[in-house]
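A.B. asks: Below is one structure. I have some questions about it.
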Amino acid sequence: MSRYYQMNIAVDDVSKKEHTTCLGVCIEEWGCDGERVDMWREDFQYFSFTGNGSLSGGESEEEFTDRITHAMWKALGRFISVRIEATYLEDLPCESYELDKSDYELWLATKEEGEK
């Protein structure tokens with residue numbers, strides 16, 4: 001069963017060259033579809049990647065974190081801290097709003113007052 005996620009992958013203390021390597025790992029390992037955004041900040045030596053895609057084959061968020069982090073360590077040949085924020089997109093909390101007839105009557109009265 002596949003589950004649709006937005007993953008934000010953030011890495012500190014990477015050079016411009018390492019940024020390219022990190023981006024390659026994210027694209028290869030995450031294989032996200034649709035929109036993706038990556039950013040590298042020289043002043044902070046910070047890399048961030050956000051993309052949407054599916055975890056499949058029963059992979060958990062924790063297993064995804066292990067897989068991406070291990071791939072980063074292997075590609076860079078050193079330890080780096082990798083933070084992953086996983087947002088499950090198929091069951092997001094939501095709020096519903098609806099005005100009722102009394103709201104309409106209040107709006108109508110307010111509108112009529114403003115027109116006088």
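All of the numbers you see were taken from the coordinates with simple rules; none came from a lab. Keep in mind that this is a model prediction, so the values were computed, not measured. Glycine also receives a Cβ, built like all others from the backbone with ideal geometry; neighbour counts cover every protein chain displayed.
A.B. asks: So how strong a dipole does the chain carry about its Cα centre when Lys and Arg Cβ are +1 and Asp and Glu Cβ are -1, to the nearest 20 debye? Working shown, then result.
C.D. replies: On the way: 12 positive and 26 negative charges, 156 e Å.
In total the dipole reaches around 740 debye.
A.B. asks: In whole Hz, with x marking every Gly and Pro, tabulate ³J(HN,Hα) for the range 52-58 from phi via Karplus 6.51 cos²θ - 1.76 cosθ + 1.60, θ = phi - 60°.
C.D. replies: Couplings: 9, x, 10, 8, 10, x, x Hz.
A.B. asks: Counting other Cβ atoms within 10 Å, which chymotrypsin sites (Phe, Trp or Tyr not before Pro) in the range 1-104 have at most 11 and lie in a DSSP loop?
C.D. replies: When the chymotrypsin sites (Phe, Trp or Tyr not before Pro) of the range 1-104 are filtered for loop state and at most 11 Cβ neighbours within 10 Å, 44, 79, 97 remain.
A.B. asks: Can I ask one more? Compute the helix-to-body angle for 61-76: its Cα long axis versus the longest principal axis of the chain, expressed 0 to 90° and rounded to tens.
C.D. replies: 40
A.B. asks: Let me ask something additional. Out of the trypsin sites (Lys or Arg not before Pro) in the range 1-108, which ones are loop residues according to DSSP with at most 15 other C-beta atoms within 10 Å?
C.D. replies: Taking the range 1-108 and a limit of 15 other Cβ atoms within 10 Å, the loop trypsin sites (Lys or Arg not before Pro) found are 78.
A.B. asks: Starting from the Cα-Cα distance between residue 39 and residue 111, subtract it from 0.36 nm times their residue separation and give me the gain in nm to one decimal.
C.D. replies: On the way: separation 72, 0.36 × 72 = 25.92 nm, distance 4.77 nm.
Stretched out fully, the residue 39 to residue 111 stretch lengthens by 21.2 nm.
A.B. asks: Calculate for the chain the 222 nm mean residue ellipticity that helices alone would give, adding -39,500 (n - 2.57) per DSSP H run of length 4 or more and normalising by residue count, nearest 500 deg cm²/dmol.
C.D. replies: One gets -13000 deg cm²/dmol as the mean residue ellipticity at 222 nm.
A.B. asks: Could you pull out the GluC sites (Glu not before Pro) across the range 36-116 that fall in loop regions by DSSP (anything but H, G, I, E, B) with no more than 13 other Cβ atoms inside 10 Å?
C.D. replies: Qualifying residues, ordered by number: 42, 95, 98.
A.B. asks: Take the Cα coordinates of the range 3-115, assign each an equal point scatterer, and use the Debye formula without solvent to give log10 I(q)/I(0) at q = 0.13, 0.23 Å⁻¹.
C.D. replies: Summing over Cα pairs of the range 3-115 leads to -0.55, -1.26.
A.B. asks: Fully extended, how many nm does the chain gain between residue 83 and residue 104 (0.36 nm per residue separation, minus their Cα-Cα distance)?
C.D. replies: Fully extending the segment from residue 83 to residue 104 adds 2.8 nm.
A.B. asks: If you take the charge dipole of the chain about its Cα centre, with +1 on Lys and Arg Cβ and -1 on Asp and Glu Cβ, which of 2, 104, 23 is farthest toward its positive end?
C.D. replies: Working it through, the farthest residue towards the positive pole turns out to be 23.
A.B. asks: Nearest 10 degrees is fine. How inclined is helix 16-30 to the longest principal axis of the chain, computing both from alpha carbons?
C.D. replies: So the helix axis and the longest Cα principal axis differ by about 70 degrees.
A.B. asks: What is the angle, in °, between the Cα long axis of helix 101-115 and the longest principal axis of the Cα atoms in the chain? Nearest 10 is fine, range 0 to 90.
C.D. replies: The helix 101-115 is inclined about 70 degrees to the chain.
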